[in-house]
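Q: One structure, pasted below without further comment.
The values are calculated or read from the model by the stated rules, or taken from the named source; none is laboratory data. Every value quoted in this text rests on a predicted model; they were computed, and no experiment measured them. Backbone-built Cβ (ideal geometry, glycine too); neighbour counts: all protein chains shown.
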Amino acid sequence: MMGSQFKGRVIVDPQGYRWDDEFAAGLNTFPRDDDECLRNRLVGRSDQQLLSAMLRTPDESPPEEWPSYDPFVKEPALFRIFASLDATPAAYLRFADQWGSLSTLRNARRHEQSRFVQWYATSASMANQIKLAERYLAAQKSGRNRKRPVSEALKLVNDILADATRISIKAEQRGGVVVSVMVVDELLNAMRLQLADMILELREFRSCEHCGKPFPVDAARSDRAFCSDNCRVKAYYRRRKKAIALRESGTTLREIVKETGSDMATIKKWVGSKGK
């Protein structure tokens, strides 16, 4: 499992984030002004308050009471979500409000919060790295890449981690065994490690049939189609609602089966067994 190799503690500003300047074309459009891309910084609304609290701790680390999460546990596919973001201020802002900023608190202390151009370039770069990784995994799966699998994997991973900093290694006891764990407190580094893990572990991802969110495929449940039980239940009721509406409009049972992807027994249970 990924959690046995990596551990993260990423801080999310409890008051959310904001762009420190206005975008002339609005938040839902890619900025056309280069100066806007370079000038606008994504800042945490509590940056100064949090920095003051950090200065009161011995190692200047975020106070334990501030909200945080472990990306490797909460969202193993976060790197894919980030890479698929629309290139707009609004999309980056929504992502930051949920998952945190690309900037670190140390950046904020120096007033070096990430600018729009950095969000755009980093997301685009990760999308390209994912394409290269998927090409490598496809070759491995097909058996076309057996001559140099290790060297190619190492090159991909080293390129991904080239700019990663502040990754520490700690020893922990788990189940009576001492294991080494990579520990990160920066969101971007956590996502880089997720992508590296995808390559090294030949990890497959799939899109949820209900919400479209990517999720890792578990070898024990290779036929899994939904990212969560919540999506599985929602998809069930959506198919049921669609089947009932189709039947009320006069659609035959056989056509409803094709439209919903459900079997005949289930359709009859939902809409009754009269007719064809």
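Q: Here are the criteria: (1) surrounded by fewer than 21 Cβ atoms within 10 Å (Cβ to Cβ); (2) touching a strand residue (DSSP E or B) at 6+ places or on another chain (Cβ under 8 Å); (3) closer than 30 Å to D13 by Cβ; (4) small (G, A, S). Tell me which single one A162 does not satisfy.
A: So A162 meets the others, but not (2).
Q: Take the residues of segment 1-30 that are modelled with pLDDT of 85 or more and of a type in the set (G, A, S): which is surrounded by the fewest Cβ atoms within 10 Å (Cβ to Cβ)?
A: G16
Q: Name the residue, out of A139, A127, A108, A153, that is modelled with pLDDT of 95 or more and either among the small types (G, A, S) or assigned to a loop (DSSP other than H, G, I, E, B) (or both).
A: Every option except A127 fails the conditions.
Q: List pairs: first residue in segment 162-179 and at positive phi, second residue part of a strand (DSSP E or B) anywhere in the structure, Cβ distance under 8 angstrom, at least six positions apart or on different chains.
A: R166/V184
Q: Would you check if A265 is among the small types (G, A, S) and either crowded, with 18+ Cβ neighbours inside 10 Å or closer than 30 Å to E152 by Cβ (or both)?
A: no
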